[in-house]
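The values are calculated or read from the model by the stated rules, or taken from the named source; none is laboratory data. This is a predicted model, so every value here is computed, not measured. In this analysis, Cβ positions are derived from the backbone assuming ideal geometry, glycine residues included, and neighbour counts consider all displayed protein chains. Surface areas here come from the heavy atoms of the whole protein model, side chains and all, with no ligands, DNA or RNA. Shrake-Rupley method; radii C 1.70, N 1.55, O 1.52, S 1.80 Å.
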Amino acid sequence: MAYTITMLSWSVVEFGRTPGPTRVIKCSMLSDGEPGYLIKAHREPDVLYGEVGDGVSDHACWQRPEDMTTPRTAYRIDAQHPGADLAGRNNRRFCRLHCFQELGPRYSFTLLNNAKMYGLDPIRFLKDLRVMRIKLGTLLFDFARNHPGVYQNSIPVAGQFYTSSGYEDELVWAAAWLERATNNKTYTQFITRAPNLWRTRKYFSWDAKFVGAQVLIAKGVLEGKFPTRGKLGQMKGNADQYICNLIQKEKQCAQDKWWTSLVSTRNNQVDYILGSNPNRLSYMVGFGPNYPKQVHHRGASIVSIKKDPRPVGCGQGYVEWFNKNAENPNVIIGAIVAGPDQGDKFNDSRQNPGQTEPSTYNNAPFVGVLARLAS
């Protein structure tokens, strides 16, 4: 969830500055999920809730959300049960600060309670939401830095499904965002002291954030904010090389002209996802005439409770809906499924989650790409 919100936020930061109602709508859509989870998950200093429910019991059932009766146990990290990776991920909520000039009154009550929780001045808070948001983000960063460790050691049930490979990348990326929001060189110093940052990475994902930090610092170098030499300049080189490895244009990379191929690669990848591929299939559900019809998604695969209010039992859903060789009764418009294998083979079956399961962390980065194309 934190990665998804951060990637959506990054899209708004880069491409959501259009004046007028459109900008407010973008910010409103982005912020709707935050008071519902991320803020409420952090209501005490040095405490952050990281999971609600249990993946094992949830996966044992195939039900609509309205029918679920599996345990909703809440799991948390704190000073005695650390999770610096989880705290670092949630720290980056502040990156959509520019939205809150419009949205402040709507959410000031919720945020005000957070300010009181930390003993912050509520009057100053109401006058300057941006300052207080940064303060809250800073405190969460300090919590992560002062209590190192991976979150699955404190929340083992989460680690069974989303195992973190480490926490240093989360802290470095959080520091890069905090530096960008505050211009405080303390965060730059934190980044330059990171021992494992100085090499080109293979990928960027919910569990691997070093590339994200390198790209943010690279942007600062291009803006003249950071020097072209030294460790920060090296980070730009790492980011450049990562992109060159993706587009596989060695000659252009050597001539520092990779950006022309990047635009072409971006366009081709978007076209491929949306249907220009050997299967002539859009991997975004609901887009175009041909798209996956048996998406691995409980709510999409079971008839709406509005059409049939009878409860669907835990195992009943597998018998009557999961194993049913038919199109889903509900189209989960806009969801991007996992996609084909390396040979472009795709088996459209909800029993094949490796290809037909959608995820928010797949959709979120794609929003920024489409926003750039639209601009």
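In the range 1-65, counting only helices (runs of 4 or more DSSP H) that sit wholly within it, the ones holding 2 or more residues that are closer than 30 Å to PRO311 by Cβ and at pLDDT 80 or above span 55-59.
Residues that are part of a loop (DSSP other than H, G, I, E, B) and of a type in the set (Phe, Trp, Tyr) were ranked within the range 191-247; the one that is farthest from GLU168 (Cα to Cα) is PHE226.
Between a first residue in the range 134-145 that is at positive phi and a second residue that is part of a helix (DSSP H, G or I) and open to solvent by 40 Å² or more (accessible area, probe 1.4 Å), which pairs have beta carbons less than 7 Å apart while being 6 or more apart in sequence or on different chains? Close Cβ pairs satisfying both conditions: none exist.
Checked against the criterion of being touching a residue at least 60 places away in the same chain (Cβ under 8 Å) and open to solvent by less than 50 Å² (accessible area, probe 1.4 Å), the range 324-336 has at least one qualifying residue.
Scanning the range 349-370 for residues that are modelled with pLDDT of 95 or more and buried (at least 18 other Cβ atoms within 10 Å of the Cβ) gives ARG350, GLN355, THR356, PRO358.
What number of residues in the range 53-64 are more than 16 Å from GLU320 (Cα to Cα) and in contact (Cβ under 8 Å) with a residue 24 or more places away in the chain? Final tally of qualifying residues: 3.
If you go through the range 147-168 and keep only what is open to solvent by less than 20 Å² (accessible area, probe 1.4 Å) and free of Cβ contacts under 8 Å to residues at least 60 places away in the same chain, you end up with just GLY159.
Filtering the range 118-166 to residues that are in a loop (DSSP other than H, G, I, E, B) and either polar (S, T, N, Q) or at pLDDT below 90 (or both) leaves TYR118, GLY119, LEU120, ASP121, ASP128, SER154, GLN160, THR163, SER164, SER165.
Only one of ALA218, ALA194, ALA208 is crowded, with 18+ Cβ neighbours inside 10 Å and either without any contact (Cβ under 8 Å) to a residue 40 or more places away in the chain or not charged (D, E, K, R) (or both). Can you tell me which?
Values: ALA194 fails: crowded, with 18+ Cβ neighbours inside 10 Å; ALA208 fails: crowded, with 18+ Cβ neighbours inside 10 Å.
Result of the check over ALA218, ALA194, ALA208: ALA218.
The set of residues in the range 171-189 that are farther than 19 Å from SER9 by Cα and surrounded by 19 or more Cβ atoms within 10 Å (Cβ to Cβ) comprises TYR187, THR188.
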